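The values are calculated or read from the model by the stated rules, or taken from the named source; none is laboratory data. No experiment lies behind these values; they were computed from the predicted model shown. Quick reminder, even Gly has a Cβ in these numbers, built from the backbone with ideal geometry, and neighbours come from all protein chains shown.
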Amino acid sequence: MATTMSSMRQWRPHAFLLLVIIAAFLLAPRAADATPGFARQTGVACEACHTVFPELTPFGRLFKLNGYVFSNVRQLQDINVNRETTLALAEAAPLSVQLEASNTTLSKRIPDAAVNDASQKNATQFPQALSLFYTGKIADNLGAFLQLTWSPATNSVGIDNSDLRFADHGTFPSVGVPDFIYGLTLNNNPTSQDVWNSTPAWGYPFITTVAGVNNDAKTQIDGTLAQTSAGLGGYLWINNHLYLEVTGYRSAQTGTKNSVTGNVGPLDSTTANRINGVAPYWRVGWEQDWQRNSFFIGTFGLRDATHPAGIGENGPADTFTDYGFDAQYQYIGDNHIFSIYATWIHEHQDRNTANGTAANATDRLDTARLTGSYFYNRKIGGSVQIFSTTGTSDPGLFVAAPVIGSAAGKPDTQGAIFELDYLPWLNTKLGVQYTAFRKFNGATSNYDGFGRNASDNNTLFVFVWTAF
Amino acid sequence: MTLHPLPAALAALFLGTVAAEAADNSAALDLIRRECSTCHGAQGVSVSPTFPNLAGQTPQYLGAQLRAFRDHSRADPHAQAFMWGMAAQLTDDTIKEMADYFAKQPAPRGASADKGEVAAGEKIYQEGVEKQDVPSCMSCHGDKAQGNELFPRLAGQRRSYLEKQLEAFSTELRANEIMHENAKKLSARQISDIAAYLSSL
C-alpha cells in the first residue's frame with residue numbers, strides 16, 4: 001500500500017495539463033451509444049447521433065458530453081418559488097431493448113478431452129445477449145446510460161456498461177472560450193465514458209463472438225476492469241475542440257463478498273483483481289471538424305495497482321501503467337460514410353513475483369488496432385481491422401495448455417477481421433464477420449504445445465443485432 | 001502556501017464559470033447554444049454541407065419552417081430524422097426568438113465554384129428556362145437571392161443542401177406546389193448549376 005501511494009504521488013502531470021488548459025484558453029473560437037431510448041427522448045432518428053450504430057457522429061458525441069439530457073418530449077415538471085426546476089421527468093421513460101443472436105463456426109473443432117473426441121464446430125447463441133436500457137434524462141443536467149444484460153455464460157442478469165452523468169455549459173468569452181461543457185461522470189468501465197470509437201469500450205469490433213477462442217492477454221484499460229470497477233471523474237469540452245478528463249477508479253465488483261461478514265464488502269483476498277486504492281485515468285484529445293469531415297487525435301491512460309486472489313491488502317501488488325494513443329477520422333456524406341479508427345496501447349507491468357503470477361519483475365504488453373469502415377446509405381457496408389498484441393515472454397503468465405495456452409510463453413496474437421453488414425432498418429444490423437489469426441499466443445503453428453495452429457482459431461461469426 | 005498548478009487552474013476555471021460574463025439566458029438562445037449550434041453553427045453558419053446555413057435567412061421563412069417541422073407538414077427525410085424531434089416542443093414565442101436571432105447573424109460569404117457552372121446557373125436564376133417553361137428564380141427570391149419574407153434567402157447557401165432541396169421538391173418529398181412545378185422540369189445538370197451559382201454568392 002505504502003509503495004503504491006508513493007508511486008501515485010509521483011504521478012503528477014499537472015504541469016502538462018495546465019499547459020493544455022492554457023493553450024485551450026489562448027485559442028480563438030472558430031466557426032464552429034446507441035439506444036432507441038435516446039431516440040424516444042429526443043424525437044431525433046438514429047442517424048443524428050450515429051453514422052451506423054454504435055459509432056457516434058459529432059452530434060452524438062455532444063449529446064453524450066451534455067449528459068444525455070436533451071429531450072423533446074413533454075415533461076412532468078415542478079418548480080420552487082425561485083422558479084428553479086426541481087423536477088423534469090419525461091412522460092414516457094426512455095427505455096429500450098437490445099437483442100443479439102449469432103452463430104459461430106470455428107475453423108477447427110476444439111478437443112473434447114473428457115471422452116477423447118471433439119466439440120461441435122458451430123455454436124449458436126440465441127440470444128447472445130439481451131439487454132435492457134434506461135438511457136436518457138433524469139433531471140435537468142443529469143442523465144444516465146444504464147444497461148442490464150443477460151449473460152448466456154452464467155444464465156444471469158448483470159450490470160453492463162453504465163454511466164451516470166452531470167453536465168452543464170459555461171462561457172469565458174473574454175479569454176476566447178465562448179462555450180464549454182463541464183461534467184462529471186460516474187461509470188463502471190474505463191473508456192466507456194469516452195465519446196470516440198477509438199478507445200476500447202466502444203471500439204471495433206462492436207460485436208464479436210462469445211463462443212470462439214480468445215487471446216486472454218489484454219491491457220488493463222482494454223476491458224480488464226469493465227464492470228468490476230467504478231470511476232468518478234470530471235471532464236471539460238472546450239470550444240468543440242479540446243477534451244480533458246481525469247477519473248479515479250476503485251474496485252466495485254459484483255458477486256463477491258467479504259469472507260468474514262458475508263457482506264458484499266470490504267473486498268478481501270478472496271476477490272481477484274482488486275484495485276489497491278484509486279486508479280487514475282486520464283484523457284486528452286483534440287477534435288477538428290470541417291465540411292463533412294471529423295478528425296480526432298488523443299491520448300489516454302490508466303495506472304492501477306491490483307492484488308490477485310489469495311493475496312491480502314498488505315501483500316504484494318502488481319502495478320500496471322497503460323499509455324494509449326488514438327485517432328479517428330470520419331467522412332459523413334449524405335450517401336457515403338467512411339471511418340478510420342486507430343488505437344495503440346502500451347502497458348508497462350511492474351510485477352511483484354512474490355504473489356505467484358508472473359515470472360518476470362517487469363513485463364510489457366502492446367496492443368495496436370487499425371480499422372477502416374465504409375457504409376453506403378447507412379444500409380450496406382463493412383469493416384476491416386488489423387490487430388496485434390505483443391508482449392514480453394513470461395513463463396509464469398503464459399503456459400502450455402490445450403487451445404488456450406502458449407508453448408512459447410508469449411501473448412503475441414495478430415490477425416485481421418473482415419465484416420460485411422446490411423441494415424434493412426437503421427436499428428437492425430445483419431452481419432457476417434470473419435476473424436483470421438496469423439499468430440496466436442506466440443506462434444503460428446502448434447502455438448499451444450498440443451498441435452493447434454493459429455489459423456485453427458479462425459472464426460466465422462454470423463449475427464443479427466437489433467435495438468428497439 | 002504552495003499552490004499546485006492543476007488544482008489552481010481547475011479552481012480558477014470553475015470559479016470563473018460562476019462569474020463568467022452573464023450570457024443571455026433566454027430559452028431560445030440557450031437552445032441555440034446547446035442544440036441548434038451543433039449542426040447549424042452558433043452563428044448560423046453550418047458545420048457540414050448536410051445542414052443549411054441559417055445566418056441572414058429571412059425570419060418569416062425560418063419561423064414557417066420551424067412550425068412546419070413541429071406540425072410535420074415539412075416531411076423530407078432530413079426533416080423527419082432531425083427536425084421533427086428538435087421542433088416538437090418549441091413554442092411560438094421561442095420560434096420567433098430563434099428566427100430573429102438567426103436572421104440577424106451576418107450571412108456567410110459564398111464558396112468558390114466552377115465558373116462555367118456558376119454562369120449557367122446564374123442565367124437560369126435570372127432568366128428562367130423559357131423552352132422548359134421554368135420562370136426566373138429571381139422574381140421570388142430577389143435579384144441577389146437575398147430572399148423576401150416567406151421566400152428564403154438562397155445566396156451563400158450550401159451547394160449540396162440546395163441540390164437536395166430541389167430534388168426533394170421535384171419528387172415531392174418536400175411539399176411545395178410552386179417549387180414542385182418548377183423543380184420537376186429541371187435536369188440534374190441544371191439543378192447542379194443553379195446550386196453552384198447560389199452557393200457562390
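Numbers below:
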item: Checklist (1) in a loop (DSSP other than H, G, I, E, B); (2) within 7 Å of chain A (Cβ to nearest Cβ); (3) modelled with pLDDT of 85 or more; (4) out of contact with any Phe, Trp or Tyr (no Cβ under 8 Å at 6 or more places or on another chain) applied to B:PRO49, failing item; result: (4)
item: Among the candidates A:VAL175, A:VAL115, A:VAL157, residue that is among the hydrophobic types (A, V, I, L, M, F, W, C) and touching a helix residue (DSSP H, G or I) at 6+ places or on another chain (Cβ under 6 Å); result: A:VAL175
item: Any hit, region A:237-251, residues being more than 30 Å from A:GLY405 (Cβ to Cβ), among the charged types (D, E, K, R) and touching a Ser or Thr at 6+ places or on another chain (Cβ under 7 Å); result: yes
item: Those residues of region A:31-42 which are within 11 Å of chain B (Cβ to nearest Cβ), buried (at least 22 other Cβ atoms within 10 Å of the Cβ) and out of contact with any Pro (no Cβ under 6 Å at 6 or more places or on another chain), in sequence order; result: A:PHE38, A:ALA39, A:THR42
item: Selected residue (only one of B:ARG189, B:ARG174, B:ARG153 is part of a helix (DSSP H, G or I) and either out of contact with any Phe, Trp or Tyr (no Cβ under 6 Å at 6 or more places or on another chain) or not aliphatic (A, V, I, L, M) (or both)); result: B:ARG189
item: Segments classed as strands (runs of 3 or more DSSP E), wholly inside region A:292-370, with at least 3 members that are in contact with a strand residue (DSSP E or B) (Cβ under 7 Å, 6 or more places away or on another chain) and of a type in the set (A, V, I, L, M); result: A:293-307, A:336-350
item: Residue match in region B:107-130 (condition: under 22 Å from B:GLY56 (Cα atoms), touching a strand residue (DSSP E or B) at 6+ places or on another chain (Cβ under 9 Å) and outside any loop (DSSP other than H, G, I, E, B)); result: no
item: Filter result for B:ALA79 (within 14 Å of chain A (Cβ to nearest Cβ), of a type outside the set (Asp, Glu), out of contact with any His (no Cβ under 8 Å at 6 or more places or on another chain) and within 30 Å of B:ARG189 (Cα to Cα)); result: yes
item: All positions within region A:301-337 that are within 14 Å of chain B (Cβ to nearest Cβ) and closer than 28 Å to A:THR389 by Cα; result: A:GLN330
item: Flag if A:ARG369 is modelled with pLDDT under 95 and within 25 Å of the chain's Cα centre (by Cα); result: no
item: Failed condition for A:SER339, given (1) more than 27 Å from A:LYS429 (Cα to Cα); (2) surrounded by 17 or more Cβ atoms within 10 Å (Cβ to Cβ); (3) modelled with pLDDT of 95 or more; (4) not charged (D, E, K, R); result: (1)
